[in-house]
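Chemist: Sending over a structure as structure tokens; questions will come in a sec.
The values are calculated or read from the model by the stated rules, or taken from the named source; none is laboratory data. What you see is a predicted model, and the numbers here were worked out from it, not measured in a lab. All Cβ positions, even for glycine, are placed from backbone atoms using ideal geometry, and neighbour counts span all protein chains on display.
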Amino acid sequence: MRTKFKSILRQFDEVTIKRMRALSSPAIRFSFGVIFIWFGILKILRLSAAEELLLKTVQWLPVGLPETWLVIISIWEVTIGVLFLFRQTTRIAIALLFLQMVGTFMPLVFLPEITFQSRNILLPTMEGQYIIKNLMIISAALVLGGRKRELS
């Protein structure tokens, strides 16, 4: 009886793994597509909650360029999102995502007074948490990019 139960569990596990493997890449690509297109459009429309943080991060640029940079980042994010929607362009999207992530983490270094409570790296503010969660995005991109030609 116990062996039969283990066999049934093993079969269930195998079926579950197979289905999750088949769905994981498309789900990650679709999620990335939605997130990057959505957040990019919010920046284009100047409705993004991250706009102020982004502008403060690049405030050292000459007058007018921070706003130009906001438009560039917006278009960059929408492009990343669109590229994720197509299996054939996934690796290009991942490369652009990694470049974008460098800029995303800049406030942690250049604006610690905004991203950490009392400049304590163990106490991120809401803005800091918003940035730090991008570690999961990077991890998911690595998993997706590490797949062979099965990027369905």
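Chemist: If I filter region 136-152 for residues that are farther than 21 Å from ALA27 by Cα and among the aliphatic types (A, V, I, L, M), do I get at least one hit?
Modeler: No - not one qualifying residue is present in region 136-152.
Chemist: Could I ask something else about it? So, of the residues in region 103-131 that are surrounded by fewer than 14 Cβ atoms within 10 Å (Cβ to Cβ) and of a type in the set (Val, Ile, Thr), which turns out to be farthest from the chain's Cα centre (by Cα)?
Modeler: Among them, the one singled out is ILE121.
Chemist: Quick one: THR89 ticks every box in (1) out of contact with any Phe, Trp or Tyr (no Cβ under 9 Å at 6 or more places or on another chain); (2) touching a residue at least 40 places away in the same chain (Cβ under 8 Å) except a single one, so which number is it?
Modeler: Single failed check for THR89: (2).
Chemist: Would you be able to tell me the number of residues in region 70-86 that are exposed (fewer than 14 other Cβ atoms within 10 Å of the Cβ) and either without any contact (Cβ under 8 Å) to a residue 12 or more places away in the chain or in a loop (DSSP other than H, G, I, E, B) (or both)?
Modeler: So the count comes out to 2.
Chemist: Here's something else I'd like to know. Please name all residue pairs, on different chains or six or more residues apart, with Cβ atoms under 7 Å, provided the first residue is in region 50-64 and is more than 12 Å from THR104 (Cβ to Cβ) and polar (S, T, N, Q) and the second residue is surrounded by 11 or more Cβ atoms within 10 Å (Cβ to Cβ) and at pLDDT below 90.
Modeler: The qualifying pairs are GLN59/PRO66.
Chemist: Given (1) surrounded by fewer than 10 Cβ atoms within 10 Å (Cβ to Cβ); (2) within 18 Å of ILE138 (Cβ to Cβ), identify the lone condition not met by PHE39.
Modeler: (1)
Chemist: Select, from PHE110, PHE116, PHE105, PHE84, the only residue that is of a type outside the set (S, T, N, Q) and modelled with pLDDT under 95.
Modeler: Result: PHE110 is the single residue among PHE110, PHE116, PHE105, PHE84 that is of a type outside the set (S, T, N, Q) and modelled with pLDDT under 95.
Chemist: Of the residues that sit in region 57-66 and are assigned to a helix (DSSP H, G or I) and surrounded by 15 or more Cβ atoms within 10 Å (Cβ to Cβ), which one is modelled with the highest pLDDT?
Modeler: By that ranking, first place goes to THR57.
Chemist: Being at pLDDT below 85 and part of a helix (DSSP H, G or I) is the filter here; which residues of region 1-18 pass it?
Modeler: ARG2, PHE5 - these are the residues of region 1-18 that are at pLDDT below 85 and part of a helix (DSSP H, G or I).
Chemist: Exposed (fewer than 15 other Cβ atoms within 10 Å of the Cβ), of a type in the set (Ser, Thr, Tyr) and either closer than 18 Å to GLY145 by Cα or in contact with a strand residue (DSSP E or B) (Cβ under 7 Å, 6 or more places away or on another chain) (or both): does that describe SER31?
Modeler: yes
Here's the yes/no breakdown for (1) polar (S, T, N, Q); (2) assigned to a helix (DSSP H, G or I); (3) under 19 Å from LEU142 (Cα atoms):
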| residue | (1), (2), (3) |
| --- | --- |
| LEU23 | no, yes, yes |
| LYS43 | no, yes, no |
| ARG46 | no, no, no |
| GLU52 | no, yes, no |
| THR68 | yes, yes, no |
